[in-house]
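First the structure, in the form of structure tokens, and then the observations on it.
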Amino acid sequence: MPIPGTPSRAELVDHLVKTRIAGEVATPRENNLSHYRQLANGNRHYWFGLELGDRWSDEQDVLAVMAERVGVNDDPEYRYGQDTIDPELTVAGLERMAARLRKAADGAQRVLFATGHPGGLLDVHHATAAALRTAGCEIVVIPDGLQTDEGYVMQFADVAVLEHGATLWHTHSGDPMKAVLTALEREGRPLPDLVVADHGWAGYAGRHGVDAMGYADSNDPALFLAEAEGTVQVTVPLDDHVVSPRHYDPMTAYLLSEAGLS
């Protein structure tokens with residue numbers, strides 16, 4: 001039974017396109033290709049905490065995965081202009097994520113939420129955490145006093161974030177998740193059964209052997225490559241920082257309804 005106010009699949013697709021969460025997104029083609037090239041050239045800033053070795057050293061291989069899993073233009077000669085995220089792939093990713101959330105709820109699993117994009121996705125993660133807690137899951141509390149070279153690792157509204165200068169910080173790094181998982185192991189506490197995150201938070205969790213799912217933009221290929229390799233279970237393609245975070249609310253409602261959480 002859908003949660004009241006939850007959009008239908010067709011209504012969500014329409015909403016994603018209208019708000020540019022998917023469809024013709026704000027990220028231009030040249031930015032997408034630049035990031036694919038940086039990743040292929042071994043720039044670890046774009047690896048999102050993963051260890052990719054030399055498996056993705058061909059930029060065209062990266063583009064092929066992004067065309068398949070995100071819906072960007074697959075023509076390597078298309079270098080400038082508008083690029084796209086296929087909204088059907090976004091919804092399909094949400095449905096795969098919902099299936100794993102349902103498994104977590106059924107097993108009352110320990111789940112850790114984290115974001116490197118607090119300006120866009122914090123509320124999405126917070127609402128999902130609240131729904132899982134209501135369903136009987138344990139939302140993992142991170143150890144105190146953690147920090148990385150970028151700042152302090154803290155928890156806000158059930159979501160692990162990086163804080164720098166009294167501000168929630170945008171980060172691609174996997175170091176904050178490494179700090180959390182290392183501290184849990186050092187304290188003899190169990191690791192999460194599931195991590196729901198984005199950016200390097202999701203990437204490093206998958207690299208560490210924890211079930212991980214994440215959201216990623218069309219210019220952030222690492223998590224899609226990780227899903228293709230099986231390191232990350234689900235990666236949902238979307239613009240991860242649209243004009244208003246409220247635009248993600250129908251998407252979150254659809255996700256929770258598909259997961260059987262209310």
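We did not get these values from a lab; they are worked out from the coordinates using the rules stated. Fair warning: this is a prediction, and the values are worked out from it, not measured in the lab. Reconstructed Cβ throughout: ideal geometry from the backbone, glycine too, with neighbour counts over all protein chains shown.
Out of region 105-136, which residues are farther than 19 Å from His199 by Cα and surrounded by fewer than 23 Cβ atoms within 10 Å (Cβ to Cβ)? Walk me through how you get there before you give the answer.
Filtering region 105-136 down to residues farther than 19 Å from His199 by Cα leaves 105-110, 130-136.
Listed by number, the residues that qualify are Ala105, Asp106, Gly107, Ala108, Gln109, Arg110, Ala130, Ala131, Arg133, Thr134, Ala135, Gly136.
Could you please let me know if His15 is of a type outside the set (Asp, Glu) and closer than 25 Å to Pro176 by Cβ?
Numbers: of a type outside the set (Asp, Glu): yes; closer than 25 Å to Pro176 by Cβ: no.
Taking the combined requirement at face value, the residue does not satisfy it.
In this structure, does Glu51 turn out to be of a type in the set (Asp, Glu), over 25 Å from Val153 (Cα atoms) and touching a residue at least 60 places away in the same chain (Cβ under 8 Å)?
no
Could you identify the single residue in Asp158, Asp211, Asp175 that is surrounded by fewer than 24 Cβ atoms within 10 Å (Cβ to Cβ), within 24 Å of Val141 (Cα to Cα), touching a helix residue (DSSP H, G or I) at 6+ places or on another chain (Cβ under 6 Å) and of a type in the set (Asp, Glu)?
So the residue among Asp158, Asp211, Asp175 that is surrounded by fewer than 24 Cβ atoms within 10 Å (Cβ to Cβ), within 24 Å of Val141 (Cα to Cα), touching a helix residue (DSSP H, G or I) at 6+ places or on another chain (Cβ under 6 Å) and of a type in the set (Asp, Glu) is Asp158.
From the residues in region 234-251 that are among the β-branched types (Val, Ile, Thr) and assigned to a loop (DSSP other than H, G, I, E, B), which one is surrounded by the most Cβ atoms within 10 Å (Cβ to Cβ)?
By that ranking, first place goes to Val242.
In this structure, is Gly23 touching a Gly at 6+ places or on another chain (Cβ under 7 Å), buried (at least 18 other Cβ atoms within 10 Å of the Cβ) and at positive phi?
Details: touching a Gly at 6+ places or on another chain (Cβ under 7 Å): no; buried (at least 18 other Cβ atoms within 10 Å of the Cβ): yes; at positive phi: yes.
Here the answer is no, as Gly23 does not meet what is asked.
Condition (residue is more than 22 Å from Trp201 (Cα to Cα), of a type in the set (A, V, I, L, M) and not in a helix (DSSP H, G or I)) applied to region 24-45: is it met by at least one residue?
There is at least one residue in region 24-45 that is more than 22 Å from Trp201 (Cα to Cα), of a type in the set (A, V, I, L, M) and not in a helix (DSSP H, G or I).
Given the condition touching a residue at least 60 places away in the same chain (Cβ under 8 Å), of a type in the set (S, T, N, Q) and within 19 Å of Thr252 (Cα to Cα), answer yes or no: does some residue in region 91-111 qualify? Please lay out each step first, then the result.
At the first step, the residues of region 91-111 found to be touching a residue at least 60 places away in the same chain (Cβ under 8 Å) are 91, 93-102, 104-105, 107, 109-111.
Add one more test, that the residue is of a type in the set (S, T, N, Q), and what stays is 109.
Filter once more, so that each one left must be within 19 Å of Thr252 (Cα to Cα): none.
No: zero hits.
Would it be correct to say that Thr128 is within 17 Å of the chain's Cα centre (by Cα) and polar (S, T, N, Q)? Spell out the reasoning first.
Values: within 17 Å of the chain's Cα centre (by Cα): yes; polar (S, T, N, Q): yes.
Taking the combined requirement at face value, the residue satisfies it.
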